[in-house]
Amino acid sequence: MDERQYILRSGEGPWTVISDDWHEEGGRNGGRFVAFSDPAHRSEVLGLAGWDLTKGDGAPGFSQHYENDEWVTTYERNSAGPYIEPLIIVQQFHGVVPSRYLINQEFSLLMRLWEEPVTGNFYAILYDGSKELAIKVEGKRISIRTPLLRRYQAARQLDLLLFTDSVQYVDTDFDADEFEYMREEDHVENGDSVIFFGIGDGVIARRAVFSRLLGKRVLPPPPQEDSGIWPWEREDDNYPEFIIGEDQNGREVRCTCDHEKLANYFGANPEAPHYLTPVFFRREVLQRYYDDPGLYRVEDGRLTCAAMWSVQIDNANPDVVMVFLGDIGRDIPNSHRDHWRAYNVAPLQGMSETTFRRSFLAQFADSPNPEHVFKNAYLSAQKAWLATWGWPLYREATGLDAQLIDRIRIPLNDTDAEFESQMLALAKLLVDLLNEKAVAAGLPKVNGEKGIDKFGRFLASVGYAEVDRDVALLRQIQTIRSRISAHTSGAGGLSFLASQLDGMSKPEFVKELMRRATQMLGDLEVLETPA
């Protein structure tokens, strides 16, 4: 696309360039920039092709004018003037330190943008907790998602000004006057763009002429309701149907998850299925949430996304996940519902007793899920050990392992990858993070002794009754991690795994390890110091 066509179509693609500079070999240079303006001045803006705001303008400062025989000084929040508003302010330090490109703070706040400190890119933080690239920085070129720009225009009811300045030098024996017929004075094209095209003599050192194409497109704002900002949020119209049962012929019965179309205890929609109809899912539905513990938290009875949203779930049953039909439509964001639908299964069982007691009887009820019981036992043992012994049984996980206790789970499926990841997590929590320094502090030193051996000697020294049982468990977990999770290949590795599983599925095996670890942690929790 040539520069003239670029000017006439700027602001139409998925990305809009809001700042750029180029200086190329062969004598081509130029730049692009943007600004906002009051629509009341549109005719004035379209009167000249020149930029109404240049890079470096728009910062606060002082202005002066002469009035009544004296200078009057006024502080100006925006040096560009009362009807021009910058999207970007270039803060220049004239070579002392690099210049900075600052995004208009009002734009950043209104459109919920977060700056990634390493790249300088900006991300829109969406209401479902996801991040969407909004402004990308590629050297001197800065681009913004066009829909975001247009939504801000709609909210503020401002015109968008898109500037282009392109200069091309050409070696020639002719003077610029020979090309005067090509000159175009400022004129409006397509009703929304103003163009100037001029020819001039080049540098003295060589025979050259240059052409300059100066252009500006003015895009009026969309209607304010198109901003998508309260009270004009986009309507949630994605309420897929979920399986809620089977008819007498074995065919699936489905129903919308739109909570406003369901029955409730206040008499709404009496012919519709109830808001509290249980909907069941394969456990793999939680994979995306477990794997992003910095954003999501899967807890006993609840799935949470930072402080953005949360939904009650029934995960007390280690084989399925249940969510109430109305909660899917009310509490799970629009963008996640199709993900859940992909894992929807027919209700082959009821909700767990834990959820029934919590939701319908308003009773406190512990989850029997071995995953939840293990996590509670781990944290409880840590707290008790610190109180009893004065030091934690396990060191705090840091770095990439900081949310290890949140990520660990009964494998969501029978795949090798899922099994290996959970065996690694179990080994880190129960073996690698053992507080070896504190454990060995009062023991005679044994050269080459590993953590599990130190722990066994310590437990024996304080009269613990289950040393052999617990050391055997830790060794088994460590050995499996070493031989399986470390990708031992060949028939030997497969044979070893088969001997460990002993006919169990991988999820059932990890479940059993968690039960044994829970028993160990419970016994350690009540272990007292020797008299």
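The values are calculated or read from the model by the stated rules, or taken from the named source; none is laboratory data. Values in this document were obtained by computation on a predicted structure and should not be read as measured data. Here the Cβ is made from the backbone with ideal geometry for all residues, glycine too, and neighbour counts use every protein chain on show.
Determine whether segment 195-207 contains at least one residue that is closer than 30 Å to MET308 by Cβ, of a type in the set (A, V, I, L, M, F, W, C), assigned by TED's automatic domain parsing to the domain that holds PRO220 and in contact with a strand residue (DSSP E or B) (Cβ under 9 Å, 6 or more places away or on another chain). Within segment 195-207, not a single residue is closer than 30 Å to MET308 by Cβ, of a type in the set (A, V, I, L, M, F, W, C), assigned by TED's automatic domain parsing to the domain that holds PRO220 and in contact with a strand residue (DSSP E or B) (Cβ under 9 Å, 6 or more places away or on another chain).
Scanning segment 218-269 for residues that are touching a strand residue (DSSP E or B) at 6+ places or on another chain (Cβ under 7 Å), charged (D, E, K, R) and within 16 Å of PRO333 (Cα to Cα) turns up just one, GLU241.
Looking only at segment 348-377, which residues are of a type in the set (Phe, Trp, Tyr), surrounded by 13 or more Cβ atoms within 10 Å (Cβ to Cβ) and farther than 15 Å from PHE280 by Cβ?
Narrowing segment 348-377 to residues of a type in the set (Phe, Trp, Tyr): 356, 360, 364, 374.
Now drop any that are not surrounded by 13 or more Cβ atoms within 10 Å (Cβ to Cβ), which leaves 356, 374.
The answer is PHE374, and nothing else.
Could you please let me know if LEU149 is free of Cβ contacts under 8 Å to residues at least 24 places away in the same chain and of a type outside the set (D, E, K, R)? Spelling it out, it is not the case that LEU149 is free of Cβ contacts under 8 Å to residues at least 24 places away in the same chain and of a type outside the set (D, E, K, R).
Looking only at segment 149-178, which residues are small (Gly, Ala, Ser) and at pLDDT below 95? Full working, then the answer.
Filtering segment 149-178 down to residues small (Gly, Ala, Ser) leaves 154-155, 166, 176.
Of everything in segment 149-178, those that are small (Gly, Ala, Ser) and at pLDDT below 95 turn out to be SER166, ALA176.
Restricting TYR123, TYR169 to those that are without any contact (Cβ under 8 Å) to a residue 24 or more places away in the chain, part of a strand (DSSP E or B) and crowded, with 16+ Cβ neighbours inside 10 Å reduces the list to TYR123.
Looking across segment 44-87, the residues that are surrounded by 18 or more Cβ atoms within 10 Å (Cβ to Cβ) and without any contact (Cβ under 8 Å) to a residue 40 or more places away in the chain come down to LYS55, ASP57, GLY58. Residues in segment 25-75 that are over 43 Å from the mean Cα position of the chain (by Cα) and among the hydroxyl-bearing types (Ser, Thr, Tyr): 4 in all. On the basis of being touching a helix residue (DSSP H, G or I) at 6+ places or on another chain (Cβ under 9 Å), outside any helix (DSSP H, G or I), under 26 Å from GLY442 (Cβ atoms) and of a type outside the set (Asp, Glu), does PRO392 make the cut? When the stated conditions are applied, PRO392 passes them.
Applying the condition of being without any contact (Cβ under 8 Å) to a residue 60 or more places away in the chain and among the aliphatic types (A, V, I, L, M) to segment 100-120 and asking which residue is farthest from PHE36 (Cα to Cα) yields VAL118.
Yes/no matrix, rows are residues, columns are (1) surrounded by 17 or more Cβ atoms within 10 Å (Cβ to Cβ); (2) under 24 Å from ARG42 (Cβ atoms); (3) β-branched (Val, Ile, Thr); (4) touching a Lys or Arg at 6+ places or on another chain (Cβ under 7 Å):
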site: THR119; (1), (2), (3), (4): no, no, yes, no
site: TYR152; (1), (2), (3), (4): yes, yes, no, no
site: ASP175; (1), (2), (3), (4): no, no, no, no
site: PHE196; (1), (2), (3), (4): yes, yes, no, no
site: LYS216; (1), (2), (3), (4): yes, yes, no, no
